[in-house]
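These notes concern the structure reproduced below.
The values are calculated or read from the model by the stated rules, or taken from the named source; none is laboratory data. Every value quoted in this text rests on a predicted model; they were computed, and no experiment measured them. Using ideal geometry, Cβ is built from the backbone for each residue, glycine included, and neighbour counts are taken over all protein chains shown. With ligands, DNA and RNA removed, areas are computed over all heavy atoms of the protein, side chains included. Shrake-Rupley method; radii C 1.70, N 1.55, O 1.52, S 1.80 Å.
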Amino acid sequence: IDKLSDAEELGQDSILCVVEGDSAGNAAASGRDTKKYGVMRLRGKMINGLKEDDEKKYYDNKEIELLLYALGVDPNNYNPKKLRYGKIAICVDADDDGYHIALLILANLYRLCPQFLRENRVYWLRSPLFIEQDKNGNPLSCYYTNEEFDKVRGKLKGYIKRVKGLGQLNEKDLKASMFSTTGDQRMDQIIYSEEGIEQLCQLMGTDIKPRKEFV
């Protein structure tokens with residue numbers, strides 16, 4: 001399956017990174033710890049599981065098939081002991097399109113295996129917006145928001161790399177940020193709540209009125 005690079009060690013401690021596009025997915029695959037992380041590549045924006053009423057069309061969707069296979073999930077009989085990956089890490093660009101893709105991933109997980117969400121198995125693996133590098137291109141420090149970077153902007157002595165998407169990260173960048181083992185990784189757990197699910201359904205569902213009110 002060319003859209004899936006499995007981790008070497010599957011199970012409760014392994015993490016499936018869901019990434020938009022081949023370039024970002026290939027980058028993530030090159031910088032990960034292959035024992036722990038798998039990478040699933042999306043083809044742009046996924047089908048919206050909270051809008052698609054045609055069951056056959058939905059379950060015949062290639063990305064839905066791949067997601068179910070990668071996780072080891074039977075939508076009709078969820079069994080956490082049979083999961084191929086114990087966690088999912090959403091890896092998207094830090095822009096509006098990236099956030100929309102993250103919501104689509106959450107919407108599909110809620111339709112396919114809501115218990116997976118309730119067990120707090122979903123994480124947001126953030127990508128850096130700025131990387132300070134030395135003259136040889138080695139990462140010195142990473143900044144994940146504009147606010148973080150603005151606080152140190154005038155104090156940095158290295159070269160600044162502005163990251164516009166995951167595909168711009170090379171193996172060194174990834175090992176210093178998203179897949180860092182020295183504390184620079186930002187992987188935030190997405191905590192389940194009924195209020196959060198209600199808002200997800202309002203934003204991603206078929207009723208237009210709640211979205212208009214939210215905007």
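Values for this structure:
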| read-out | value |
| --- | --- |
| Accessible area of ASP2 in the full protein assembly, 1.4 Å probe (Å², nearest 10) | 130 |
| Accessible area of the range 145-215 belonging to carbon and sulfur atoms, whole % at 1.4 Å probe | 49 |
| Rg over Rh [alpha-carbon atoms, Kirkwood Rh] for the range 129-215 | 1.16 |
| Stretch gain in nm, segment GLU147-ASN61, where the contour uses 0.36 nm per residue and the Cα spacing is subtracted | 27.0 nm |
| C-alpha long axis of helix 194-204 to longest principal axis of the chain, angle in ° | 90 |
| Where a label projected 7 Å from the Cα of THR182 along Cα→Cβ would reach, residues of the range 140-163 with amide N under 13 Å | 140-142 |
| Solvent-accessible area per residue, Å², over the range 174-215 with all protein chains present [probe radius 1.4 Å] | 68 |
| Degrees between helix 62-71 axis and first principal axis of the chain (Cα, 0 to 90, nearest 10) | 80 |
| Accessible area expressed per residue, the range 71-125, with surrounding protein chains retained (probe 1.4 Å, Å²) | 41 |
| Residue order for SER193, SER23 - accessible surface, 1.4 angstrom probe, largest first | SER23, SER193 |
| Relative packing of 149-155, 32-38, which averages over residues the other C-beta atoms within 10 Å, highest first | 32-38, 149-155 |
| Members of LYS36/LYS81; LYS45/LYS82; LYS36/LYS157 lying beyond 26 Å, as alpha-carbon distances in this model show | LYS45/LYS82; LYS36/LYS157 |
| Column: log10 I(q)/I(0), Debye, Cα scatterers of the chain, q = 0.11, 0.16 Å⁻¹ | -0.56, -1.10 |
| The range 1-117, accessible surface, carbon-and-sulfur percent (1.4 angstrom probe) | 45 |
| Label-point gap, in nm, between ASP96 and GLU9 - each point 7 angstrom along Cα→Cβ | 4.3 |
| Those residues of the range 61-84 whose amide nitrogen sits under 17 Å from the label point placed on ILE197, 7 Å along Cα→Cβ | 75-80 |
| Helix-only mean residue ellipticity at 222 nm for the chain, each DSSP H run of n ≥ 4 adding -39500 (n - 2.57), per residue, nearest 500 | -10500 deg cm²/dmol |
